[in-house]
Amino acid sequence: MSTEAEYDRLINNKWKAYTHTIPTDEQAIRGCRAIYRKAMRRPWKGKVEIVRRKNQYTWIRNGVMYVNPNRPQWLHKAGWHDMTHTLSHYCHQRLRPYDKPHSERQTILETELTNYVLSDAFAKYR
């Protein structure tokens, strides 16, 4: 299990240098599809909807990817940080259903996705 210090070093500290902006609906949809594709190694082929409720996560339910680009949370900033975090948990759950939610492998996956979202390769979605 990853410690809080490891999580801060590998993930949270990288987001501190990023200027947190809320993506447009189109950017959020395209970006979340790209995050899913990066994690799962296959594209998302289902429906994608934007949600506006502040308490609704970016998550996949009943074959629909619900994307909330502006869900503030006490730990994560709204926008890409929150969407990357929640999708990393969803994908980890699908890839490793018997693994714990905050295992080392989930931290590794979230680190890879964070590096991808903060990279120049992802800039076209921001």
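Applying the criterion of being part of a helix (DSSP H, G or I) and of a type in the set (S, T, N, Q) to the residues of segment 1-57, the residue that is nearest to residue 69 (Cα to Cα) is 27. Under the condition of being surrounded by fewer than 21 Cβ atoms within 10 Å (Cβ to Cβ) and over 23 Å from residue 4 (Cβ atoms), which residue from segment 66-83 is modelled with the highest pLDDT? Among them, the one singled out is 66. The set of residues in segment 10-44 being buried (at least 17 other Cβ atoms within 10 Å of the Cβ) and hydroxyl-bearing (Ser, Thr, Tyr) consists of 36 alone. For segment 84-126, the set of residues classified as surrounded by fewer than 18 Cβ atoms within 10 Å (Cβ to Cβ), within 26 Å of residue 20 (Cβ to Cβ) and of a type in the set (A, V, I, L, M) consists of 108, 121, 123, listed by residue number.
Residues checked against (1) among the aliphatic types (A, V, I, L, M); (2) farther than 18 Å from residue 93 by Cα:
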position	(1), (2)
8	no, yes
12	no, yes
15	no, yes
22	yes, yes
27	no, yes
39	yes, no
45	no, yes
49	no, yes
56	no, yes
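The values are calculated or read from the model by the stated rules, or taken from the named source; none is laboratory data. On a predicted model such as this, the values are computed, not experimentally measured, just so you know. No Cβ is skipped: glycine too gets one built from the backbone with ideal geometry, and neighbour counts run over all protein chains shown.
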